[in-house]
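> One structure is given below, represented as structure tokens, and several questions about it will come after.
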Amino acid sequence: SAVISQKPSRDICQRGTSLTIQCQVDSQVTMMFWYRQQPGQSLTLIATANQGSEATYESGFVIDKFPISRPNLTFSTLTVSNMSPEDSSIYLCSAKPSLGSEAFFGQGTRLTVV
Amino acid sequence: ELKVEQNPLFLSMQEGKNYTIYCNYSTTSDRLYWYRQDPGKSLESLFVLLSNGAVKQEGRLMASLDTKARLSTLHITAAVHDLSATYFCAVDSPSGNTPLVFGKGTRLSVIA
């Protein structure tokens, strides 16, 4: 299993600023992912965070807006850049310890942009 | 491309009644998850179903998986108000090396 700590748990930010969300896993994991959940919606995959290389983004998400880092097998960050109110969402980090293993989720970061 | 459909999207049910939420998916998979989410909260893992015919029960909730029909069900027995929440199913690829794909969720409201 994997325990995932995400921080901050919530934040209120001014439009035009950027916020970096951290995701720390208590053990080395093969795969890490970032999801967005807009109000009243389901989870949408933003990107797969690749250790030591650029993240793989889903359609509709770009690196300039959502830069992602993954410097090692236990840690990743997601930055929401140049925020607007439309970025107000819950952002969730997910990890799979190994290929084919169960997926685990962090507690999420509730972001409000004003 | 893996697609996941949940229905109903909204469900209002009386306390004491039974109901089933359905989760259909488009490609072969034998790994399916059910989550609960309360308003403003993160996901709570309910069940992980890992094989055809898997059935798991916890309290008033029972989940099953039919991989041949590409269908999972979440059955609610004798609903109580505390079960009011949004329920998501999520499907994993057969290889397990991709992220989960989520259904749109079922917003359940249990009323007296």
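Values in this text are rule-based calculations from the coordinates and carry no lab data. Every value quoted in this text rests on a predicted model; they were computed, and no experiment measured them. A quick note on method: Cβ atoms are made from the backbone with ideal geometry, for glycine too, and the neighbour counts reach across all protein chains shown.
> Please compute one quarter of the surface area of the Cα convex hull for chain A and express it in square nanometres. List each step's numbers first, then the result.
Values: hull surface 26.1 nm².
Computed as one quarter of the Cα hull surface, the answer is 6.5 nm².
> While we're looking at this one, here's another question. Could you give each residue of the range B:48-64 its phi-based ³J(HN,Hα) in whole Hz, using Karplus coefficients 6.51, -1.76, 1.60 with θ = phi - 60°, and x for Gly or Pro?
Going residue by residue, I get 10, 10, 10, 7, 4, x, 5, 9, 10, 9, 8, x, 8, 10, 9, 10, 9 Hz, with x marking Gly and Pro.
> Just for chain A, what percent of DSSP beta bridges are antiparallel, to the closest 5?
Values: 33 of 37 bridges.
Restricted to chain A, the bridges split so that about 90 percent are antiparallel.
> Among the listed pairs A:K7/B:K56; A:K65/B:K68; A:K65/B:K56; A:K96/B:K104; A:K96/B:K17, give every one whose C-alpha distance is greater than 30 Å. The partial results should precede the final answer.
Working: A:K7/B:K56 32 Å; A:K65/B:K68 40 Å; A:K65/B:K56 41 Å; A:K96/B:K104 22 Å; A:K96/B:K17 37 Å.
Cα-Cα > 30 Å for A:K7/B:K56; A:K65/B:K68; A:K65/B:K56; A:K96/B:K17; rest within.
> Amide H neighbours of B:V80 under 5 Å, counting only residues 5+ apart in sequence or on other chains, H built in-plane at 1.01 Å?
Amide H neighbours of B:V80: B:G16.
> Report Rg (one decimal) and Dmax (nearest whole number) for the range B:1-105, counting Cα atoms only, units Å.
13.2, 41
> Also: For chain B, the longest stretch holding no GluC sites (Glu not before Pro) located in a DSSP loop with at most 15 other Cβ atoms within 10 Å is which?
B:16-112
> Take the alpha-carbon centre of the range A:28-106, take the same for the range B:6-32, and report the distance between them in whole Å.
Here the answer is 27 Å between Cα centres.
> Measuring from label point to label point, each 7 Å out along Cα→Cβ, what is the A:N82 to B:A78 span in nm?
Once both label points are built, they end up 5.8 nm from each other.
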